[in-house]
Amino acid sequence: MSEQVDDQILKYFREGNQQEAFKLLMNTYQQRIYWQIRRILISHEDTDDVLQNTLIKIWKGLPAFKGDSKLFTWIFRIASNETFTFLEKNKKHSGHIDLDECYQFSGTSSDHIDGSFIQQKLEQALLQIPEKQRMVFHLKYYEDLKYTEISEILGTSVGALKANYHLAVKKIEEFIKTD
Amino acid sequence: METFNPHKDSFENNNSIPKQNNFKIPEGYFDELASRLEDQLEIKKDSDKSKNGVLRVLMINISIAAAVVLGVFLFNPEKGTKLSDQISKMEIEDPETIYVEDYLISMVSYTEDWQPLEYYEIELLPVSEEEVLEIEMPVVDEVTSGDLTDFFEEEDYDDYEL
């Protein structure tokens with residue numbers, strides 16, 4: 001499904017149907033890339049800056065896209081690079097984050113679990129792990145990508161990714177259980 | 001044999017935590033972003049493209065039509081065709097020689113096919129005898145037979161080639 005959409009985006013773009021290509025690109029990817037960046041940067045304003053740069057780079061890079069990799073891995077790789085470049089330049093992100101300011105929890109509750117509470121715990125736990133591990137966790141857990149695809153995006157070996165992911169899950173679980 | 005999985009009962013396997021994003025975002029943010037980027041990247045609108053395309057095709061068609069009309073008025077297509085036909089019909093016995101007689105005959109028959117380009121109607125008004133007498137005619141000296149003889153003797157006939 002995703003590959004068909006990617007093919008359609010490229011088809012529109014190569015045919016010169018820019019508006020349709022741009023519309024489909026935005027409809028398919030802008031939210032996914034936004035969450036990918038936001039998961040690392042947390043602040044909406046920073047995410048907006050990086051997302052804008054990312055989308056501009058994607059659009060301007062499309063004519064040179066040869067199809068050596070899948071379009072979506074190429075897009076996620078640009079987003080990832082832009083995010084980490086931003087982090088390098090702005091070290092302020094290690095500071096305190098106000099959960100109420102950044103998050104809005106609306107998890108569904110059952111007899112046993114308070115959905116909103118557990119969501120909050122997960123987000124707090126995610127803030128405890130390093131950015132690169134958090135990126136791996138986001139792409140695996142939220143985007144449900146394969147390790148091979150994440151490997152293409154982050155330029156890390158599959159083995160290292162597996163280790164990173166399991167480490168992240170372990171830390172999150174420990175945080176949820178102990179806190 | 002059961003494979004060891006350290007995260008068998010983990011939240012990531014039993015889906016106990018819904019996969020949803022809990023971040024606050026401004027209302028209408030994604031629509032606004034798409035619109036902002038569309039302007040920034042100067043995405044060409046298809047409607048503009050098709051409008052320009054129609055105008056361009058229209059301009060080309062008008063130019064072609066104008067050229068055809070001009071061509072019809074400036075050149076007589078029949079003339080060209082007939083002339084070439086006539087020349088091709090001319091019998092040349094000796095490739096080096098074009099006989100004047102044949103050429104003149106062909107030209108005469110060719111001019112018979114000419115069509116006048118425009119017709120004019122000239123209105124003739126009756127003129128009275130008095131009006132005719134009032135016209136001042138230029139005074140011309142009488143030409144005698146001697147004058148004619150002198151004229152022809154003065155002409156240098158070597159300039160004429162038959």
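The values are calculated or read from the model by the stated rules, or taken from the named source; none is laboratory data. Not measured: the values here are computed from a predicted model. Every residue, glycine as well, gets a Cβ built from its backbone with ideal geometry; the counts of neighbours run over all protein chains shown. Heavy atoms of the whole protein, side chains included, go into the accessibility calculation; ligands, DNA and RNA do not. Shrake-Rupley method; radii C 1.70, N 1.55, O 1.52, S 1.80 Å.
Other protein chain C-beta atoms within 10 Å of residue C-beta, averaged over A:140-148: 1. Averaged over the residues of peptide B:20-31, the number of Cβ atoms from other protein chains lying within 10 Å of each residue's Cβ is 6. Once C-alpha pairs closer than 8 Å and six or more residues apart are averaged by separation and normalised to the residue number of segment A:125-179, the relative contact order reads 42 percent. For the pair A:C102 and A:N17, a Förster radius of 41 Å applied to the C-beta separation gives a FRET efficiency near 0.60, rounded to the nearest 0.05. Here A:K91 sits with roughly 140 square angstrom of accessible surface, probe radius 1.4 Å. Note on A:K57 and A:K91: their simple-model spin labels are 2.2 nm apart, each label 7 Å out from Cα toward Cβ.
For trypsin sites (Lys or Arg not before Pro), the sites in segment A:17-77 that DSSP calls loop and that have at most 15 other Cβ atoms within 10 Å are A:K66, A:K70. What percentages, rounded to whole numbers, describe P(r) for segment A:113-179 computed over all alpha carbon pairs with 10 Å bin width beginning at zero? Pairs per bin, as whole percents: 21, 50, 23, 5. Here B:E131 and B:K44 are evaluated by their C-beta separation; at R0 = 56 Å the FRET efficiency comes out at 0.10.
Mean projection of the Cα convex hull over all viewing directions, computed for chain A: 11.7 nm². A 1.4 Å probe over all protein chains sorts A:I42, A:I118 by accessible area into A:I118, A:I42, starting with the largest.
Multiplying the residue separation of A:D7 and A:T178 by 0.36 nm and subtracting their alpha-carbon distance yields 56.9 nm. Relative to the dominant Cα principal axis of chain A, helix A:2-14 is inclined by about 40°. Chain A and chain B together bury an accessible surface of about 3700 square angstrom, both sides counted, with a 1.4 Å probe and no ligands or nucleic acids included. Structural descriptor for chain A: relative contact order 19 percent, calculated from alpha carbon pairs under 8 angstrom and at least 6 residues apart.
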